[in-house]
């Protein structure tokens with residue numbers, strides 16, 4: 001209807017990225033899908049158990065659960081919270097009802113079955129078709145999914161291809177690794193007497209910068225695959241390891257190492273980088289400085 005703001009659905013809305021996207025879209029007609037019941041001002045209520053055809057997979061890192069709660073869609077920019085399960089499809093139709101835009105942030109990096117990433121996208125696509133709507137699907141992927149032979153990356157690339165062939169209007173944004181993930185990888189090694197650092201470079205980006213870009217894309221027109229989004233600095237892993245050590249108050253020797261194989265070779269060749277798109281603002285050092293509690297630096 002002319003003059004009525006679009007309804008935007010964010011999946012994985014209580015996750016690391018999705019929660020910040022919800023914040024960035026404050027003031028929009030916003031609906032949020034999560035596996036967890038929202039603990040804000042309103043309790044979740046059941047949104048019904050209907051599932052879409054083929055609905056299968058998801059959680060929150062993946063966006064799953066089942067029910068609905070609201071601050072009210074007409075309540076001064078409040079968020080309409082829906083608890084739904086992308087693994088089973090339960091609650092997904094409720095979440096998609098009337099949605100003009102879907103920002104798909106739900107994922108599970110630590111899942112042992114990476115097919116889940118593709119199936120959650122399939123669930124959303126099939127639910128949109130079943131409902132007879134064609135929402136603009138905004139999907140966040142990773143820089144290097146077509147260059148780095150990692151199982152999770154292959155799944156993200158397959159999800160991109162599914163979206164591109166879905167018939168839905170879409171926008172795909174590839175971002176470099178989040179600060180928190182890079183820190184977690186290096187912090188694990190920092191417990192050793194000597195810290196091994198691979199001969200790779202990283203271009204870590206802050207989740208807040210990526211969330212801001214996704215919010216911009218959500219209120220814009222479908223654009224297909226848009227330019228990659230990278231952090232403000234490309235730095236050797238050894239340099240980042242020293243920064244993590246300093247932030248945690250540890251003193252260790254950092255030993256650069258070369259790792260064999262196609263996977264490690266792809267990282268060493270810069271397959272995970274987007275140096276021409278260093279669009280992020282918040283640096284890795286700034287991210288570390290904001291977190292005085294080392295436990296708060298854990299990736300989730």
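The values are calculated or read from the model by the stated rules, or taken from the named source; none is laboratory data. Note that the structure is predicted; figures quoted are calculated from it, not measured. Because the Cβ atoms are built from the backbone with ideal geometry, glycine has one as well, and the counts that use them run over all protein chains shown.
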Q.
So, in segment 219-234, how many residues would count as being surrounded by 18 or more Cβ atoms within 10 Å (Cβ to Cβ) and assigned to a strand (DSSP E or B)?
A. 1
Q: Hey, could you check segment 250-300 for residues that are touching a strand residue (DSSP E or B) at 6+ places or on another chain (Cβ under 6 Å) and modelled with pLDDT under 90 and say which is surrounded by the most Cβ atoms within 10 Å (Cβ to Cβ)?
A: 254
Q: Please state which one of 162, 186 is under 23 Å from residue 119 (Cβ atoms) and in contact with a helix residue (DSSP H, G or I) (Cβ under 8 Å, 6 or more places away or on another chain).
A: 162
Q.
Let me confirm something: among 255, 245, 240, which residue is on the phi < 0 side of the Ramachandran plot and in a strand (DSSP E or B)?
A. 255
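Okay, residues lined up against (1) modelled with pLDDT under 95; (2) surrounded by fewer than 24 Cβ atoms within 10 Å (Cβ to Cβ); (3) more than 23 Å from residue 208 (Cα to Cα); (4) more than 16 Å from the chain's Cα centre (by Cα):
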| position | (1), (2), (3), (4) |
| --- | --- |
| 89 | yes, no, yes, yes |
| 97 | yes, yes, yes, yes |
| 109 | yes, yes, no, no |
| 113 | yes, yes, yes, yes |
| 132 | yes, yes, yes, yes |
| 146 | no, yes, yes, yes |
| 171 | no, yes, no, no |
| 185 | yes, yes, no, yes |
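Results for (1) at pLDDT 90 or above; (2) farther than 29 Å from residue 114 by Cβ; (3) crowded, with 24+ Cβ neighbours inside 10 Å; (4) touching a helix residue (DSSP H, G or I) at 6+ places or on another chain (Cβ under 9 Å), shown as yes or no for each residue.
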site	(1), (2), (3), (4)
2	no, yes, no, no
6	no, yes, no, yes
9	yes, no, yes, yes
20	yes, no, no, yes
24	yes, no, no, yes
28	yes, yes, no, yes
37	no, no, no, no
47	no, no, yes, yes
58	no, no, yes, yes
Q | Pairs with Cβ under 6 Å, 6+ apart, first in segment 168-181 and farther than 18 Å from residue 278 by Cβ, second in a helix (DSSP H, G or I) and modelled with pLDDT of 95 or more | A | 170/163; 171/217; 172/160
